[in-house]
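What follows is a single structure, written as structure tokens, with notes after it.
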């Protein structure tokens, strides 16, 4: 009687171990997902703090010292990127050296630098024509544009929960705008609302183009290449535009150590934002990052309570919570990437030795190699 019992126990052991192993794998995946969401939240809020720093220093320069030089401030940032990252590329050798990158992709980076420079300029310029409320609302137009570009260019595929998460985040932005109106921060009607709104929409679209390009370059090439090329062409483009549109404003600046300190703080925050954002995008995605930095306006508001004596409203806390709920909801389910569906055609003229690898979700499924020879498909090996 003991022998069948031993046999039954030996047969049960692999099953029991398999079940416990499966539970262990599921628990480990759940833990990794929670760690990923927490990391994404922390990284996103660090970017928001950098943006908050640029907004507060710019506003302080404008209100306390009547200094409005967005292009000059951008020029300083691009110059820092040039000095650090373009110099790093200059010391590289081989296929990823500065000369090879310029030789192969120079015209693409000209368009990328132009989009990035003009996106920064248009958003800041829009404040002169339209209201703060319009800028905050219309700036969110970049998120659906970003998702559409990611769908077609990066082949990102979203689920229903992602669209719901974006809707929740935009609801949080609407709550924040409502709090601004109740607190009296909607400002005047602006000199020309239509021009200002168009500038915001164009700037948001250019930001989307820049962010999608950044995600592609960071994940397929390198972070240093992106920052080095943006620094190079951004410096050239912003320098030319600076000489045309802002040379008089710079001449009117009454320089002192406080103004110099504010310019330095702005430059360091912007440099930190540009240097750190590719790291976050590589871990997450451009869409996730743009949802996370929606809280930047709220951080600016909290600083404004002490620096500019803004009125506080409980709706600001509510809007922060809503945005974070939507952001966590978006990160809770990863997007998937669509695989290319084009297969080699065996009917082509001449020899066509193309190996086709069939990828299956189950890693234990044997891989089959198929060789096409003069229009005939023959299985040559099975792993």
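When a footprinting reagent is the concern and you count Cβ atoms within 10 Å, what order do 87, 335 take, fewest first? Spell out each step's value before the answer.
Numbers: 87 13, 335 19.
If I rank by nearby Cβ atoms, fewest first, I get 87, 335.
So if R0 is 45 Å, what FRET efficiency would residue 26 and residue 148 give, r being the distance between their Cβ atoms, rounded to the nearest 0.05?
On the way: r = 34 Å, r/R0 = 0.77.
It comes out at approximately 0.85.
Would you list 20, 210 from fewest to most Cβ contacts within 10 Å? Present the calculation step by step, with values, prior to reporting the outcome.
Working: 20 10, 210 24.
By the 10 Å Cβ count, ascending, the order reads 20, 210.
Any idea what the relative contact order of the range 80-235 is, in percent, if you count C-alpha pairs under 8 Å spaced at least 6 apart?
Numbers: 177 pairs, mean separation 76.8, N = 156.
Taking the mean separation of contacting Cα pairs over the length of the range 80-235, I get 49 percent.
How many angstrom lie between the Cα centre of the range 22-57 and the Cα centre of the range 101-157?
24
If you stretched the chain out fully between residue 258 and residue 96, how much longer would it get, using 0.36 nm times the residue separation minus the C-alpha to C-alpha distance?
Numbers: separation 162, 0.36 × 162 = 58.32 nm, distance 4.14 nm.
Gain on stretching residue 258 to residue 96: 54.2 nm.
Subtract the Cα-Cα distance of residue 104 and residue 250 from 0.36 nm times their separation in residues, and report this length gain in nm to one decimal.
Working: separation 146, 0.36 × 146 = 52.56 nm, distance 3.69 nm.
Length gained between residue 104 and residue 250: 48.9 nm.
Taking the Cβ of each residue in 270, 324, 22 as the centre, tally the other Cβ atoms inside 10 Å and list the residues starting with the fewest.
Least to most surrounded, the residues fall as 22, 324, 270.
Measuring from the lowest to the highest alpha carbon on each principal axis, how far does the range 24-337 reach, largest first, in angstroms?
Projected onto the principal axes, the Cα atoms of the range 24-337 cover 65, 55, 35 Å.
Using 0.36 nm times the number of residues separating residue 279 and residue 240, minus their current alpha carbon distance, what extension gain do you get? Numbers along the way, then the final one.
Working: separation 39, 0.36 × 39 = 14.04 nm, distance 2.95 nm.
My answer for the length gained is 11.1 nm.
Ranked highest first by average number of other Cβ atoms within 10 Å, how do 48-54, 287-293, 38-44 line up? Before the final figure, lay out the partial values.
Numbers: 48-54: 20.4, 287-293: 25.1, 38-44: 16.7.
My ranking of the peptides, most packed first, is 287-293, 48-54, 38-44.
Each reported figure results from applying straightforward, stated rules to the coordinates on display, with no laboratory input. Values in this document were obtained by computation on a predicted structure and should not be read as measured data. In this analysis, Cβ positions are derived from the backbone assuming ideal geometry, glycine residues included, and neighbour counts consider all displayed protein chains.
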